[in-house]
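The values are calculated or read from the model by the stated rules, or taken from the named source; none is laboratory data. Here the structure is a predicted model, which means the values were calculated and not measured. FYI the Cβ positions are ideal-geometry reconstructions off the backbone, even for glycines, and counts take in every protein chain you see. With ligands, DNA and RNA removed, areas are computed over all heavy atoms of the protein, side chains included. Shrake-Rupley method; radii C 1.70, N 1.55, O 1.52, S 1.80 Å.
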Amino acid sequence: MTTYLDAVTSLGKGSLHPGGFFHTLNVLRQIDLSDEDIVLDIGCGTGRTACHIAKNSGAFVFALDNSEEMLQKATYRASQEGVQVQYVLCDAGDTPFRNKVIDLILVESVLIFLPAISILRECNRILKKNGILICVEMCASKSLPKIAREQIQAACNLPHIPSFEEWLILFQNTGFAPVKVQRNNFPGLLDNIKNILYPDPYQVVSRGTGSSREVNNVMQKYMQLIQIYKKYLGYGTFLMKKL
Ligand SMILES: C[S@@+](CC[C@H](N)C(=O)[O-])C[C@H]1O[C@@H](n2cnc3c(N)ncnc32)[C@H](O)[C@@H]1O
């Protein structure tokens, strides 16, 4: 069976998170990075954010994912862009980094698929004191009907769809304090229009991961559900500091 993550891996687009690349650019404008900083993109997918940071800041960039296929696409992107990103194949909850070594961690649409608390504990372990954690994750209002919640969770294999407030509590319970947080509409029409200005030049579509019909069915089902229930859905931008 082709899962949602299989489908997006197969399609190989960059910026597979709410708000897309345009949103990432806006968030990154709020961060100062120097060549002394170490950045880690967790669940980097095809590496668009990681490559952008490597190209536009002096920071050293690590990016990890547990999918070999994603990392192959990310490696191709880095070679096309002529940038150095150190890719790591590992689980987000069990990284090879020592304690307190990272200055900035990005997590864009990854926690929602996982037991978020264990990933956040790992982020806390490897971030330096006062290090920054940026997360972009889908959220749902508490009034999302039960049937809709079940359908969306089943379509994307999500353990839970937290509300914006639940995400905040989760960050606070794992040792992070808010610097700037924002709730956004999802899918935002304006986001979609703005992202047309940033097409991904290095998208690589796989052959062989499920049939293309299965991949299309999975994506269509997801899009339909998001459209039907969009008034209950949103995404949070969480810029947090490790205490
Ligand atoms: C929706 S995609 C987002 C990719 C990327 N952050 C972006 O915004 O384009 C989720 C990513 O998380 C990765 N992922 C899922 N579970 C993971 C895990 N346990 N450890 C590391 N990466 C994981 C998937 O392989 C996928 O690349």
### Scope segment 42-55; condition open to solvent by 30 Å² or more (accessible area, probe 1.4 Å) and farther than 30 Å from Lys230 by Cα; matching residues
Lys55
### Task
Could you check, for segment 134-146, whether at least one of its residues is within 13 Å of the ligand (Cβ to nearest atom) and open to solvent by 80 Å² or more (accessible area, probe 1.4 Å)?
no
### Query
Of the conditions (1) out of contact with any helix residue (DSSP H, G or I) (no Cβ under 9 Å at 6 or more places or on another chain); (2) in a loop (DSSP other than H, G, I, E, B); (3) charged (D, E, K, R), Glu166 fails just one. Which one is it?
(2)
### Members of segment 23-55 found to be of a type in the set (Lys, Arg), farther than 17 Å from Pro201 by Cα and within 16 Å of the ligand (Cβ to nearest atom), listed by number
none
### Summary
The one condition Gly58 fails out of (1) in contact with an Asp or Glu (Cβ under 7 Å, 6 or more places away or on another chain); (2) not in a loop (DSSP other than H, G, I, E, B) is (2)
### Query
Within the set of pairs 6 or more residues apart or between chains, which connect a residue that is of a type in the set (Asp, Glu) inside segment 176-191 to a residue that is open to solvent by 50 Å² or more (accessible area, probe 1.4 Å) with Cβ atoms less than 9 Å apart?
Asp191/Asn185
### Message
Is it the case, given these coordinates, that Ser15 is out of contact with any helix residue (DSSP H, G or I) (no Cβ under 9 Å at 6 or more places or on another chain), open to solvent by 10 Å² or more (accessible area, probe 1.4 Å) and either assigned to a helix (DSSP H, G or I) or of a type in the set (S, T, N, Q) (or both)?
### Response
no
### Query
Has segment 169-186 got any residue that is farther than 28 Å from Arg29 by Cβ and either open to solvent by 10 Å² or more (accessible area, probe 1.4 Å) or assigned to a strand (DSSP E or B) (or both)?
yes
### Query
Of the conditions (1) under 22 Å from Asn157 (Cβ atoms); (2) part of a helix (DSSP H, G or I), Gly45 fails just one. Which one is it?
(2)
### Task
Filter segment 64-87 down to residues that are open to solvent by 50 Å² or more (accessible area, probe 1.4 Å), farther than 21 Å from Ile119 by Cβ and either touching a Cys at 6+ places or on another chain (Cβ under 9 Å) or in a helix (DSSP H, G or I) (or both), then give me how many there are.
5
## Note on the structure
Note on segment 102-121: residues part of a helix (DSSP H, G or I) and open to solvent by less than 70 Å² (accessible area, probe 1.4 Å) are Leu111, Ile112, Phe113, Ala116, Ile117, Ser118, Ile119, Leu120
### Message
Which of the numbered conditions does Val39 fail, given that it passes all the others? Conditions: (1) open to solvent by 10 Å² or more (accessible area, probe 1.4 Å); (2) at pLDDT 95 or above.
### Response
(1)
### Summary
Checked Asn124, Asn130, Asn157, Asn99 against criteria (open to solvent by less than 40 Å² (accessible area, probe 1.4 Å) and among the polar types (S, T, N, Q)); the one match is Asn124
### Task
Hey, can you tell me all the residues within segment 96-119 that are more than 9 Å from the ligand (Cβ to nearest atom) and either at pLDDT below 95 or within 18 Å of Ile38 (Cβ to Cβ) (or both)?
Pro96, Phe97, Arg98, Asn99, Lys100, Val101, Ile102, Asp103, Leu104, Ile105
### Message
For segment 188-203, give me each residue that is of a type in the set (A, V, I, L, M, F, W, C) and either more than 21 Å from Cys139 (Cβ to Cβ) or open to solvent by less than 80 Å² (accessible area, probe 1.4 Å) (or both).
### Response
Ile193, Ile196, Leu197
### Task
May I ask you to verify whether Gly58 is among the small types (Gly, Ala, Ser), surrounded by fewer than 18 Cβ atoms within 10 Å (Cβ to Cβ) and within 14 Å of the ligand (Cβ to nearest atom)?
no
